[in-house]
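Take a look at the structure set out below.
The values are calculated or read from the model by the stated rules, or taken from the named source; none is laboratory data. Everything quoted here is computed from the prediction, not taken from an experiment. Neighbour counts run over all protein chains shown; Cβ positions are idealised from the backbone, glycine included.
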Amino acid sequence: MVSNAKPDLIVLTPTASPSILTPGQTSTASCTVKNQGTASAGASVLKYFLSANNTYEVTDLLLTSSNVATLAASASVAASGVVTIPASTATGTWYILFFADANLAVTESDETNNVGTITITVQASIPGCNSTTQYPTTTLTPTTSWKFQNYIYAGEYTAFSVTSGSQYVWSYCTTDGGSATYDSEITLRNKANDAFIAYSNDDCGDDAKITWTATFTGTVKVVTTKYNCATNSVNTKLAYKKLAKEGEYPVNEMVADEFSVYPNPTSANVSIGSSTNFEGINEILLYNLNGKLLKKVSLDEKSDSVIEVDLSAMKSGVYYFKLVGDKFTKELKVVVSH
């Protein structure tokens with residue numbers, strides 16, 4: 001009995017990161033190769049091409065290739081390759097083609113569906129600046145009241161969570177409560193792929209301010225730099241907020257979950273976490289229920305997001321931490337249980 005079962009290789013979910021590039025820049029091209037046929041597909045080669053359109057032609061430029069192992073019927077495998085856009089590439093819209101079984105090693109039931117495509121943009125230059133150094137290490141959440149992040153250096157980025165449709169402001173303008181003693185810049189990027197969103201330089205004097213309506217829900221990078229993408233070690237104060245919608249009222253700057261204590265109860269070390277890296281907090285004091293001071297922890301200007309305190313010497317019972325700042329105090333209860 002003759003079987004008509006054959007494999008059929010296709011390309012799913014092709015992506016390129018970044019997808020906005022300059023000539024000579026590299027990008028990571030990724031996809032999934034699936035055998036949607038009814039028989040096993042032998043080993044094959046996936047090739048990545050640069051094309052002026054979304055149809056493969058023999059004149060398309062080969063960028064790189066990936067080996068694809070044998071795939072059983074209905075099986076799939078992830079594949080990726082680092083591709084370099086040639087320095088001679090003209091600016092404009094281009095396509096990366098993902099060609100499964102590019103060497104035609106596999107006899108398939110359909111030989112016309114092997115190519116997947118992703119659009120990329122080649123620009124003469126990428127606007128704005130970028131950074132790989134995050135401060136603080138936590139992701140901040142803007143509220144409808146002004147909040148402030150101190151101790152940012154030029155050359156660092158700050159991560160913020162955003163919601164599609166909401167409008168946000170990031171500012172070094174003194175009228176908004178921000179502060180930078182140098183010619184500041186702000187570049188806004190999508191943290192997921194570093195895609196450029198907006199740039200500001202001299203919005204208020206020589207300082208920067210960006211107002212943006214989120215087009216996605218996720219995390220953005222607010223990159224702080226000195227003019228011409230320069231870096232320094234000068235403390236700056238970034239003001240940020242979410243603009244209130246109609247019927248939405250501003251909330252207090254100090255949110256309830258800004259600080260946390262864990263594990264609680266504890267028998268040894270306890271961690272005190274801060275979503276703003278203890279911004280504005282000078283010291284942490286530990287008291288017993290009689291009000292006796294037992295421990296004191298002084299904080300640096302640029303603190304970590306988590307402070308660890310050893311309570312192993314404390315007797316079982318209830319204690320409380322007092323977080324002392326310039327303009328407020330906060331108390332957190334902790335239970336020691338041996």
Review point. Somewhere in the range 240-259, is a residue among the small types (Gly, Ala, Ser), at negative phi and at pLDDT below 90?
Key: yes
Checked the range 199-248 for anything assigned to a strand (DSSP E or B), free of Cβ contacts under 8 Å to residues at least 40 places away in the same chain and within 21 Å of ASN130 (Cβ to Cβ); matches are SER200, ASP207
For TYR182, the lone unmet condition from (1) aromatic (Phe, Trp, Tyr); (2) touching a residue at least 60 places away in the same chain (Cβ under 8 Å); (3) in the same structural domain as PHE216 (by TED's automatic domain parsing) is (2)
Exactly one of LYS292, LYS330, LYS315 is within 29 Å of TYR135 (Cβ to Cβ), of a type outside the set (A, V, I, L, M, F, W, C), surrounded by fewer than 16 Cβ atoms within 10 Å (Cβ to Cβ) and not assigned by TED's automatic domain parsing to the domain that holds PHE160, and that one is LYS330
Scanning the range 197-223 residue by residue, those under 21 Å from the mean Cα position of the chain (by Cα) and either farther than 16 Å from PRO127 by Cβ or acidic (Asp, Glu) (or both) turn out to be LYS209, THR211, THR213, ALA214, THR215, PHE216, THR217, GLY218, THR219
Inside the range 142-189, the number of residues satisfying the requirement of being surrounded by fewer than 22 Cβ atoms within 10 Å (Cβ to Cβ) and in a loop (DSSP other than H, G, I, E, B) is 16
So, first residue in the same structural domain as ALA159 (by TED's automatic domain parsing) and free of Cβ contacts under 8 Å to residues at least 12 places away in the same chain in the range 123-148, second residue buried (at least 18 other Cβ atoms within 10 Å of the Cβ) and of a type in the set (Phe, Trp, Tyr), Cβ within less than 9 Å, six or more apart or across chains; the pairs are none
Considering residues that are in a strand (DSSP E or B) and hydroxyl-bearing (Ser, Thr, Tyr), the number found within the range 57-87 is 6
